[in-house]
Amino acid sequence: ARFEPGWLRACCYSSAEREYRRFKPKLWGPELSGAMPRCDYHRVRADAAEHLRLLEHLRDYGFVHLRGAPIGPEASQEITDLVGTVRVTNYGSSYDFIAKPTPLVQGDTGTKLEPHTDEPYRYSPPAITFFHVLTAGGGGASILVDGFRVGDILRQRDPAAFDLLSRAPQTYRRDLASDRVESEVREFRCDARVFSLDFEGNLAGFRLLDRGAGPLD
């Protein structure tokens, strides 16, 4: 048999070659505040290269700040179409965060939320969440944390703690009252690790929601 050398190298099973081929996200901290990944909505819609840049920011950093998007709620669908298909959940295809006297979720209270990942009590949590600011004056301050960098730091400083959180399942749960039927309550529950690893031990996922966590088993 004859094989092209480049193909053989791309399929090489050695640990060194696997590590070379592995995608590595850009870990970040406070130093990113002055150079956040940003794109302009109208340029993304008009230019394929700028659209690709938007997707690369999401891939590399895990988030992107999209500026200049239309304010109307009908534009939310146009924005999400730039990335992929909208996932429909018990909240529908979108949810309006508005401060309410009887809130369904904590986001409706207008109070500060500590850093967390959304809905870890689902078997498959949302991969990408869009927050579309519909007020001309803007919304409140947002705090972003790189969960992969958190894992990287913990792994270096306290390997035993990282090992525990990557092996022992954490129970996440939430009971949500229905916004349509007053007596109806939906129970969500999932046992999952705080840090999930790929088959070579590299960090592949992160779940953390203190107000939705049960006892560590």
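Please report, in debye to the nearest 20, how large the charge dipole of region 64-217 is about its Cα centre when each Lys and Arg carries +1 at its beta carbon and each Asp and Glu carries -1 there.
In total the dipole reaches around 220 debye.
Take Arg149 and Ser183, extend 7 Å from each Cα along the Cα→Cβ direction, and tell me the distance between the two endpoints in nm.
My value for the distance between the label points is 5.1 nm.
Let me check something: with ligands and nucleic acids excluded, how do Arg87, Arg38 order by accessible area (1.4 Å probe), largest to smallest?
Arg87, Arg38
Rounded, prolate or oblate: which fits region 154-217, taking a ≥ b ≥ c as square roots of the Cα gyration tensor eigenvalues, rounded meaning a/c under 1.5, else prolate when a/b beats b/c?
Cα axes put region 154-217 in the prolate bin.
What whole-number value in Å² describes the accessible area per residue of region 41-197 for a 1.4 Å probe?
Accessible area per residue: 66 Å².
Note down the Stokes-Einstein diffusion coefficient of region 7-101 in µm²/s, whole number, using a Kirkwood radius over alpha carbon pairs, 10 °C, and 1.306 mPa s.
96
For region 106-217, restrict the atom set to alpha-carbon positions and state the Rg and Dmax in Å.
Values for region 106-217 (Cα only, Rg and Dmax): 16.4, 49 Å.
Hey, what number do you get for the chain at 222 nm if only DSSP H runs of n ≥ 4 count, each worth -39500 (n - 2.57), divided across all residues, to the nearest 500?
-7500 deg cm²/dmol
What's the longest piece of the chain with no exposed GluC sites (Glu not before Pro), counting a site as exposed if DSSP puts it in a loop and it has at most 16 other beta carbons within 10 Å?
75-181
Would you mind telling me the share, in percent, of accessible area of the chain contributed by carbon and sulfur at probe 1.4 angstrom?
54
Can you find, among Cys39, Ala177, Leu164, the residue sitting farthest towards the positive end of the charge dipole of the chain, where Lys and Arg contribute +1 and Asp and Glu -1 at Cβ?
Leu164
Which of Tyr13, Tyr95, Tyr61 moves the most in a Gaussian network model of the chain with Cα springs under 10 Å?
With Cα springs under 10 Å in the chain, the top fluctuation among Tyr13, Tyr95, Tyr61 is at Tyr13.
Please work out the FRET efficiency for the pair Gln106 and Arg18, using the Cβ-Cβ distance as r and a Förster radius of 30 Å; give the result to the nearest 0.05.
Given R0 = 30 Å and the Cβ-Cβ separation, E is 0.15.
What does the charge count around Tyr123 come to, taking other residues whose C-beta lies under 11 Å from its C-beta (Lys +1, Arg +1, Asp -1, Glu -1)?
0
Trypsin sites (Lys or Arg not before Pro) within region 153-217: which are DSSP loop residues with at most 10 other Cβ atoms inside 10 Å?
Sparse-neighbourhood loop trypsin sites (Lys or Arg not before Pro): Arg180.
Under 8 Å for C-alpha pairs, at least 6 residues apart: give me the relative contact order for the chain, rounded to a whole percent.
Computed value for the chain: 16 percent relative contact order.
What full-extension length gain, to one decimal in nm, is calculated for Glu200 and Ala127 as 0.36 nm per residue of separation minus the Cα-Cα distance?
Result: 24.1 nm gained on full extension.
Once amide H atoms are placed 1.01 Å from N in the peptide plane, what residues at a sequence separation of 5 or more from Phe206, or on another chain, have their amide H within under 5 Å of its amide H?
Ser196
Spelling out what I want: for every residue of region 5-17, take phi, set θ = phi - 60°, compute 6.51 cos²θ - 1.76 cosθ + 1.60 (Karplus), and round to whole Hz; glycine and proline get x.
Here the 3J(HN,Hα) series is x, x, 5, 4, 5, 5, 10, 5, 8, 5, 4, 5, 6 Hz.
Given an 8 Å cut-off on Cα distances and at least 6 residues of separation, report the relative contact order of region 18-114 as a percent.
That works out to 19 percent.
Hey, can you grab everything whose amide H is under 5 Å from the amide H of Gln170? Only 5+ residues off in sequence or another chain; H modelled, so Pro and N-termini drop out.
Under 5 Å from the amide H of Gln170: Ala192, Arg193, Val194.
Report the relative contact order of region 100-204, percent, no decimals, based on alpha-carbon pairs under 8 angstrom and at least 6 residues apart.
25
Express in nm, to one decimal, how much length is gained between Asp191 and Asp158 on full extension, taking 0.36 nm for each residue of separation and deducting their alpha carbon distance.
Full extension of this stretch gives 9.6 nm more.
The values are calculated or read from the model by the stated rules, or taken from the named source; none is laboratory data. Fair warning: this is a prediction, and the values are worked out from it, not measured in the lab. Because the Cβ atoms are built from the backbone with ideal geometry, glycine has one as well, and the counts that use them run over all protein chains shown. Surface accessibility is based on the protein's heavy atoms, side chains included, excluding ligands, DNA and RNA. Shrake-Rupley method; radii C 1.70, N 1.55, O 1.52, S 1.80 Å.
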